[in-house]
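Here is the structure we will look at, set down as structure tokens.
The values are calculated or read from the model by the stated rules, or taken from the named source; none is laboratory data. All values reported here derive from a predicted model rather than from experimental measurement. Cβ placement follows ideal geometry from the backbone for every residue including glycine, while neighbour counts extend to all protein chains displayed.
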Amino acid sequence: MAIDEVYAPSRPALDRESRAWIDRLRSAGADRDTAIAALHALLLKAARFEIHRRRAATPHVRGNDLDDLAEQSANDALVAILAKLGGFRGGSRFTTWAYKFALFEAAVKLRRRAWQGREVPLEPESWAVIADDDPDADHEAEKVELLAAVRDAMETALSAQQRQVLLSVVVQGVPIDVLAERRKTTRGALYKTIHDARRKLRAVLAARGVATP
């Protein structure tokens, strides 16, 4: 026996239903087609559930548009699952694992639809975006000092791209997948940009003796 087999981490044993799903989806012919159709029906149900749960965020999207979003979500989830069958490790039931793909796709598509036609501020240099709604509100001295320090650190320590991404996502609430689409990049790249920007800010503020929450 090879030494890597001895030390290979054990995987959870697949339950009978999950194994049946995997075997049928990896088979050929009519059995695979039937399994794909059944999986698509499951994903469509999950997508409709998630869209209904989140529909309050997009009141302008109704009727056929919601059905179209659910269908698109199920289709994209199905493609992703078939491409990642080898990544299923049996940590949960196959249907539970697959269900999450549809929930994710539905959530992404609803967020994108909510921002459709809206301008994404890619140059959010104005600090008015983080001003209080009431300009006459009293501020505690510590809060004012912290805000000034953060503003200065962002303007001096961050690159223009880091500043734009951080303000767009963290301050202005632009969904990360929407920003990724508009900037023609990936979610992973934006997450890294935000992580690096926050790390720089914490280091600069710590060096200046400014306590952060």
Tally, over segment 175-201, of residues that are in contact (Cβ under 8 Å) with a residue 60 or more places away in the chain and either part of a helix (DSSP H, G or I) or surrounded by 18 or more Cβ atoms within 10 Å (Cβ to Cβ) (or both): 5
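For every residue, the table says whether it meets (1) surrounded by 13 or more Cβ atoms within 10 Å (Cβ to Cβ); (2) over 30 Å from ILE22 (Cβ atoms); (3) modelled with pLDDT of 90 or more; (4) touching a Pro at 6+ places or on another chain (Cβ under 7 Å).
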site	(1), (2), (3), (4)
HIS52	no, no, no, no
GLN72	yes, no, yes, no
ALA83	no, no, yes, no
GLY86	no, no, no, no
GLY91	no, no, no, yes
PHE94	yes, no, yes, no
TRP97	yes, no, yes, no
GLN116	no, yes, no, no
